[in-house]
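The structure appears below as structure tokens.
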């Protein structure tokens, strides 16, 4: 398994489980039945960190939807190239750090960590297209 495959898979697994922390907060704040209820203004609001974690999760899903097809194209078109391996690692680091930093509430670092993931996607796209 290449690093590209590993970090793309790791990113997918992380995004697949990133809902757990804010769901646990919802259970703690609203109880089990309240956590399963439809959204309503009558329900107790979630903790600030959980609201931010949910927003970070949405951002991660959107970012991965651009990264994943490019990673698959790189696996098919340029399997021996080492540059996509590094970009997959930096994408994972950026998107994971973005979630944690966003949940904590550090705005400048949040933007920088997302920029790392976004620039990794851009560079991967340019590599797949043969521009770099």
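The values are calculated or read from the model by the stated rules, or taken from the named source; none is laboratory data. These numbers come from a predicted model, not from an experiment. Quick reminder, even Gly has a Cβ in these numbers, built from the backbone with ideal geometry, and neighbours come from all protein chains shown.
Within region 74-85, can you find the residues that are closer than 16 Å to residue 9 by Cβ and surrounded by 15 or more Cβ atoms within 10 Å (Cβ to Cβ)? Residues satisfying the conditions are 74, 75, 84, 85. From the list 52, 77, the lone residue that is farther than 20 Å from residue 105 by Cβ and touching a helix residue (DSSP H, G or I) at 6+ places or on another chain (Cβ under 7 Å) is 77. Residues that are surrounded by 15 or more Cβ atoms within 10 Å (Cβ to Cβ) and more than 24 Å from the chain's Cα centre (by Cα) were ranked within region 1-41; the one that is nearest to residue 97 (Cα to Cα) is 29. When 116, 73, 124 are checked against the criterion of being within 27 Å of residue 5 (Cβ to Cβ), under 13 Å from the mean Cα position of the chain (by Cα) and not in a loop (DSSP other than H, G, I, E, B), a single residue qualifies: 116.
The residue list 131, 96 contains one member that is at pLDDT 95 or above and in a loop (DSSP other than H, G, I, E, B), which is 131. Taking region 86-115 as the range and being surrounded by fewer than 17 Cβ atoms within 10 Å (Cβ to Cβ), over 22 Å from residue 20 (Cα atoms) and in contact (Cβ under 8 Å) with a residue 24 or more places away in the chain as the test, only 86 passes. Here residue 58 clears all of (1) on the phi < 0 side of the Ramachandran plot; (2) surrounded by fewer than 21 Cβ atoms within 10 Å (Cβ to Cβ); (3) touching a residue at least 24 places away in the same chain (Cβ under 8 Å) except the condition numbered (3).
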